[in-house]
Amino acid sequence: MPQLLHDKTEIRRRLNIDREWSLYALADLDDGMFEQSDWWIEGDGLALVFRGIEIRPIFAMGDAATTRNLLAALPEASGYLNLKAHQLEAAGGIYRFRERHQMQRMFLEDAQLRAGPVEPLTAVNLDEVERLYASRDGGGIAFAAFQLDTGFFRGVRRGGELVAVAGVHVVSRTESVAGVGNVFTRPDCRGQGLAQTVTSAVVMALKEAGIRTLGLNVEQTNPAAIRAYERIGFRAHFTYYEGLAERVSG
């Protein structure tokens, strides 16, 4: 029967069994993040509910049967569900995706970074970062203000206005992982390589900080973004599914 686990050492051991799938969950072991995380275990499986952002991500690792038991035990009425293909059927009858996206998880292999004029972005820039993201024409941005405090956001300006930004969803120096993300270019400034420039600057900053494992998520249906990330050295390692999900009423 699933139960809550509070032993960080044991949680870390389980997550490192599949470090690539657990990239984002590993960062939630950090102080300040761990306190906002609920960790459930059954057998060798593990589920995480992270309460630090509004969409409330739900992550699960384990075989189909274990995943089903873990999801059934969660008290969450809704959340942002992350599952591998073999776990999809296990979620049936427990959670129903309101929207489901097929994603690629990419990792930096041989960096071929694109240089260009960028500037660091901090909490001082919050208003203009949020204003830029508000101009998006679809697609997901999982941005939260506290992410600017990591020191790993970079931006490009045109005519004094912020037109491109990239940063991280999560980063942990202790676990040596980072999830690059929140990459966005204003629609009228696309096609100039700005996304590659700001993402390259973020990658360089992470590498200089000694972060060993750098990954990102990109939707399977966005080949332009996939090619852009490939040009700076990211390679797809696996596909998975994510999206807002609601508990099926019994």
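Hey, among Ala60, Ala90, which residue is at pLDDT below 95, crowded, with 18+ Cβ neighbours inside 10 Å, outside the structural domain of Ser172 (by TED's automatic domain parsing) and among the hydrophobic types (A, V, I, L, M, F, W, C)?
When all the criteria are applied, what remains is Ala90.
Is at least one residue of the range 148-168 in a helix (DSSP H, G or I), exposed (fewer than 13 other Cβ atoms within 10 Å of the Cβ) and under 16 Å from the mean Cα position of the chain (by Cα)?
no
Read through the list (1) touching a residue at least 12 places away in the same chain (Cβ under 8 Å); (2) more than 23 Å from Leu83 (Cα to Cα), then give the number of the only condition that Gly159 fails.
(1)
Quick check on my filter: what residues within the range 203-250 are of a type outside the set (Gly, Ala, Ser) and assigned to a helix (DSSP H, G or I)?
Across the range 203-250, the qualifying residues are Val203, Met204, Leu206, Lys207, Glu208, Pro223, Ile226, Arg227, Tyr229, Glu230, Arg231.
Tell me, which strands (runs of 3 or more DSSP E) lie completely within the range 13-80 with 3 or more residues that are closer than 18 Å to Leu244 by Cα, within 20 Å of the chain's Cα centre (by Cα) and not aromatic (Phe, Trp, Tyr)?
So the answer is 45-50, 57-61.
Among Ala195, Ala178, which is under 15 Å from the mean Cα position of the chain (by Cα), within 17 Å of Gly233 (Cα to Cα) and among the hydrophobic types (A, V, I, L, M, F, W, C)?
That would be Ala178, the only listed residue that is under 15 Å from the mean Cα position of the chain (by Cα), within 17 Å of Gly233 (Cα to Cα) and among the hydrophobic types (A, V, I, L, M, F, W, C).
State all residues of the range 175-192 that are in a loop (DSSP other than H, G, I, E, B) and either under 13 Å from Glu128 (Cα atoms) or out of contact with any Leu (no Cβ under 7 Å at 6 or more places or on another chain) (or both); if no residue qualifies, say none.
Listed by number, the residues that qualify are Ser176, Arg186, Arg190, Gly191, Gln192.
Of the residues that make up the range 45-61, is at least one of a type in the set (Gly, Ala, Ser), closer than 16 Å to Trp21 by Cα and without any contact (Cβ under 8 Å) to a residue 40 or more places away in the chain?
Yes: the range 45-61 contains one or more residues that are of a type in the set (Gly, Ala, Ser), closer than 16 Å to Trp21 by Cα and without any contact (Cβ under 8 Å) to a residue 40 or more places away in the chain.
When you look at Gly215, is it more than 30 Å from Arg98 (Cβ to Cβ), outside the structural domain of Met33 (by TED's automatic domain parsing) and either at pLDDT below 95 or under 15 Å from the mean Cα position of the chain (by Cα) (or both), yes or no?
no
Is the range 238-247 home to any residue that is surrounded by 22 or more Cβ atoms within 10 Å (Cβ to Cβ) and of a type in the set (A, V, I, L, M)?
yes
Based on this model, can you work out whether Ala195 counts as outside any helix (DSSP H, G or I), buried (at least 22 other Cβ atoms within 10 Å of the Cβ) and in contact with a strand residue (DSSP E or B) (Cβ under 9 Å, 6 or more places away or on another chain)?
no
The values are calculated or read from the model by the stated rules, or taken from the named source; none is laboratory data. What you see is a predicted model, and the numbers here were worked out from it, not measured in a lab. Cβ coordinates were reconstructed from backbone atoms using ideal geometry, including for glycine residues, and neighbour counts include every protein chain displayed.
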